[in-house]
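For reference, the structure discussed in these notes is given below.
Read the figures in this text as sums done on the coordinates, not as results from a lab. Computed from a predicted model, the values in this text were never measured in an experiment. In this analysis, Cβ positions are derived from the backbone assuming ideal geometry, glycine residues included, and neighbour counts consider all displayed protein chains.
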Amino acid sequence: MGKYSKEDIIRMVKESDVEFIRMQFTDIFGQLKNVAITASQIEKAVNNQIMIDGSSIEGFVRINESDQYLYPDLDSYTLLPWRPQQGRVARLICDVYNPDGTPFVGDPRSVLKRVLKRAADMGYSFNVGPECEFFLFQTDENGRPTTTTSDEAGYFDLGPLDHGESTRREICLALEQMGFEIEASHHEVAQGQHEIDFKYAEALTAADNIMTFKLAVKTIAQKNGLHATFMPKPVFGINGSGMHTNMSLFKDGKNVFADPDGKLGLSKEAYAFIAGLLEHVRAMTAITNPLVNSYKRLVPGYEAPCYLAWSASNRSALIRIPAARGQATRVELRCPDPSCNPYLSLAVCLAAGLDGIERGLTPPEEITDNIFAMDREEREAKGIASLPGNLNEAIKAMRADKLICDTLGSHVVGQYVAGKKKEWDAYRTYVSDWEIDRYLVIY
Ligand code: GLU
Ligand code: MG
């Protein structure tokens, strides 16, 4: 039983003076889309009768089969606090369905739901706590975004150094009005960089929350004359933005990763889940790190991972086990960045971890030394492989991994690979300023 019934939604729309309802969904490249309807259409909306033309959405359907229907998740109903206080705006997050009443295979939310169903069949629910980092930049006199910041602050610094602080406070307050529980918010390492952590949730809600979070951050930054970006590496030479993903499996209300008698207080399932992630992570990277620019973050020296290893203590590893135990025991995957499609990203993470559990995989030894300080020979001697070095390598690794392709389904893989190959080719053939600076004079 959900939190809200159809009648609840219709009543709330009336009682809260709602004029518009935004019916939201996400395309396969992680862009939030919406159709706004007026309050007079709410009955149609809750009865799954709002239609969209899927052919104009990237990665969705061909023109001759373009009618699709939005099935709202009633529990996602919330008011958008930054919209007018009279004649208000609410939103509903929707699943995309075919006219014959089957879920559309290209809807990222349905991809995640399929894997969650597999987990449920094994008795598991999947909880996720993301750590979203982002930059707040100034805009120029024409309101266009720049990559400059007047902010001189660093990790955990306080105002008045931190000019983004009041914007961050406003973002947190808006999110709380939308039902988020904000656990922490702080200035990150780089100038202009921030992080806001919200409470973990079951994975589908966590993915919905990430989409809502990005919209709230961007909207409120804009209201304050700033530009918020989730681009993974907007400025060369300083930290990029990650979306470290904390994951745990629960069974019968208990965290199955915790075992006080296990090595480091972790259960057999936790180790198998880690092993599954390590087995598939090179193939998952095209999803967790989807942009050409993502791979400029995954380089040594900026607290972002590049090497396949796990550790209970060491932040240079790709997978870290934070100190908390008991119900808070979790596995933190550090490669995802906030430009990813969270539905697809959580789907491949869960599929990889479950594969580790089903096959009873064992991870390699924990790496407690700083991997960034090791040279290639040392890493090779310890059997530490690397993440893909660029988007092209990542796409190849994804296509070669049957589990990851099966998890996404052939429609998503086909559309995703085609889109990403185009992006890679556009980048590969572009002559950049770096090349001009480097070669024009000497050759
Ligand atoms: N910004 C770093 C990254 O790209 C992470 C810093 C941290 O440990 O929070 O992943
Ligand atoms: Mg951080």
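List the aspartates and glutamates whose alpha-carbon lies under 12 Å from that of residue 199, not counting same-chain residues fewer than 8 positions away?
By straight Cα distance, residue 199 reaches 131, 176, 181, 183.
Near residue 251, which aspartates and glutamates are there with a Cα under 20 Å away, not counting those fewer than 8 places off in the same chain?
In chain and number order, the partners are 121, 202, 259, 261, 269, 332, 355, 358.
Could you run the Karplus curve 6.51 cos²θ - 1.76 cosθ + 1.60 with θ = phi - 60° over segment 292-300 and give me ³J(HN,Hα) per residue in whole Hz, x for Gly and Pro?
Values per residue, Gly and Pro as x: 3, 5, 4, 7, 7, 7, 7, 10, x Hz.
Could you tally the net charge around residue 220, taking each other residue with its Cβ under 15 Å from the Cβ of residue 220, Lys/Arg +1 and Asp/Glu -1? Don't skip to the end; give the middle numbers.
Details: positive: 83, 168, 169, 214, 218, 223; negative: 165, 170, 176.
So the surrounding residues net to +3.
Give me the Debye-computed log₁₀ of I(q)/I(0) at q = 0.06, 0.11, 0.14 Å⁻¹ for the chain, equal point scatterers on Cα only, no solvent, two decimals.
-0.26, -0.91, -1.47
What fraction, in whole percent, of alpha-carbon pairs in segment 282-376 exceed 18 Å separation?
In whole percent, the share of Cα-Cα pairs in segment 282-376 beyond 18 Å is 51.
Summing -39500 (n - 2.57) over the DSSP H runs of n ≥ 4 in the chain and dividing by its residue number, what mean residue ellipticity at 222 nm do you reach, to the nearest 500 deg cm²/dmol?
Helices in the chain give a 222 nm mean residue ellipticity of -10500 deg cm²/dmol.
Sequence-distant or interchain residues sharing an amide H contact under 5 Å with residue 185, placed H: which?
Here the answer is 197, since their amide H atoms fall under 5 Å of that of residue 185.
To the nearest µm²/s, what D does Stokes-Einstein give for segment 1-53 at 37 °C and 0.692 mPa s, using the Kirkwood radius over alpha carbon pairs as Rh?
Reported coefficient: 269 µm²/s.
For residue 296, go through the lysines and keep the ones whose alpha-carbon is under 20 Å away, minus same-chain ones fewer than eight residues off.
Answer for residue 296, where 20 Å is the Cα cut-off: 233, 396, 420, 421, 422, listed by chain and number.
If you build the Cα gyration tensor of segment 145-280 and take the root of 5 times each eigenvalue, what three semi-axes come out, in whole angstrom, biggest first? Mind showing how you got there, number by number?
Values: eigenvalues 219, 65, 39 Å².
Here the semi-axes work out to 33, 18, 14 Å.
Taking only Cα atoms of segment 1-147, what ratio of Rg to Rh do you get with Rh as the Kirkwood inverse-distance radius? Before the final figure, lay out the partial values.
Working: Rg = 17.7 Å, Rh = 17.4 Å.
Rounded to two decimals, Rg/Rh equals 1.02.
Compute and list, largest first, the equivalent-ellipsoid semi-axes of segment 214-331 from the alpha carbon gyration tensor, each √(5λ) rounded to a whole angstrom.
31, 18, 13
If you project the alpha carbons of segment 329-432 onto the principal axes, what extent comes out on each, in Å, largest first?
39, 39, 24
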